[in-house]
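Take a look at the structure below.
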Amino acid sequence: CSAALPPIVAHGSAALQRRVVPPVLAGEKIAALCITEPGGGSDVAALKTSAVRDGDHYVVSGEKTFITSGMRADFLTVAVRTDPANKGAGGISLLVIDGDTPGLARSELKKMGWWCSDTAHLRFDRCRVPVANLVGAEGEGFKAIMHNFNGERLTMAAMACSYGQACTEEALAWARERKTFGEPLAQRQVIRHKLVDMAARVEAARALVYDLAYREQHGLGARTDLVARTCLAKVLATQAMQFCADQAVQIMGGMGFMRGTKSERLYREAKVMMIGGGSEEIMKDLAARQFGV
Ligand SMILES: Cc1cc2nc3c(=O)[nH]c(=O)nc-3n(C[C@H](O)[C@H](O)[C@H](O)COP(=O)(O)OP(=O)(O)OC[C@H]3O[C@@H](n4cnc5c(N)ncnc54)[C@H](O)[C@@H]3O)c2cc1C
């Protein structure tokens, strides 16, 4: 729900907010954000799912994929093309589609990590959606999606710091306890250096995340600067997480490969943190554009 609700809170009608937001925040209902399509996720402006106006409804047809909580979602915040003549960002709108809408079909996808949430492929076959479910003005969806990404990316950066820390702590505890050749692993310089490298990367990433959170909270700096810093934070923090997960599994040896250790799980969670919510390559490209490169 963390990514699907903010556009409704920011741009939805009062009636839509009243119907959707309280039950999702209370944990009684689930919301999913549906942007990515089989044809691509990075190039959001190229999305194809169509919403054609028919009286006081839109008729929605198309497909979305890799949708978190898509199997169980009661409300789907869906990016659609409401203006077929406009093939770019300006033709995109956001619609809330109820999970029980006729014509919606869901299939579950199996994945490497993130097992605590389901991930779905969704098909919309002439789904009739009330115009009242439009989030914000028609054609304003792209801006709302991009704005929403900033919050999601900052959250993912903060999560990645904690995951990196969890790997570091687990590896440190193991290294203190595990003896090889008569000495604890933690006494070996090569292992000590690994642990310090892990801690250093987490601390550096966390400093960037805290600095960004402070700037966001106090409205410091131009929007372009904040967007660039968000990209840097997500890239640095998810790289730190991946490094720490890799090093932790290595320090723990065979045990690091076993189900039940945190590091084994986080090793499998690292890639989606570097792909979902805007991939590393897209983050770097976006940051470069904010810098005027
Ligand atoms: C577990 C999981 C959950 C997800 N949940 C959701 C969700 O809830 N809602 C949702 O809408 N989406 C979701 N996604 C989709 C995710 O946002 C996309 O996977 C992501 O945006 C990348 O899109 P793509 O997979 O289509 O890759 P593509 O856009 O096809 O890109 C493939 C690769 O090429 C790189 N690339 C693309 N363009 C360029 C370029 N111009 N220059 C250099 N490199 C480039 C990308 O960085 C990537 O490495 C989820 C994905 C996963 C794995």
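Listed values, structure above:
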read-out: Test result for A228, buried (at least 23 other Cβ atoms within 10 Å of the Cβ), away from the ligand (no atom under 16 Å from the Cβ), in a helix (DSSP H, G or I) and modelled with pLDDT of 95 or more; value: no
read-out: Residue satisfying condition, being buried (at least 23 other Cβ atoms within 10 Å of the Cβ) and within 30 Å of K271 (Cβ to Cβ), within set A166, A160; value: A160
read-out: Selection count where residues are part of a helix (DSSP H, G or I), surrounded by fewer than 17 Cβ atoms within 10 Å (Cβ to Cβ) and away from the ligand (no atom under 16 Å from the Cβ), scope the range 1-59; value: 9
read-out: Failed item, numbered, when I67 is tested on (1) within 19 Å of I8 (Cβ to Cβ); (2) among the hydrophobic types (A, V, I, L, M, F, W, C); (3) in contact with a Gly (Cβ under 7 Å, 6 or more places away or on another chain); value: (3)
read-out: So V202, is it over 30 Å from K143 (Cα atoms) and under 21 Å from the mean Cα position of the chain (by Cα); value: yes
read-out: Candidate set from the range 60-73 (those that are crowded, with 17+ Cβ neighbours inside 10 Å, more than 20 Å from E140 (Cα to Cα) and not β-branched (V, I, T)); member that is nearest to the ligand (Cβ to nearest atom); value: F66
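The values are calculated or read from the model by the stated rules, or taken from the named source; none is laboratory data. Everything quoted here is computed from the prediction, not taken from an experiment. FYI the Cβ positions are ideal-geometry reconstructions off the backbone, even for glycines, and counts take in every protein chain you see.
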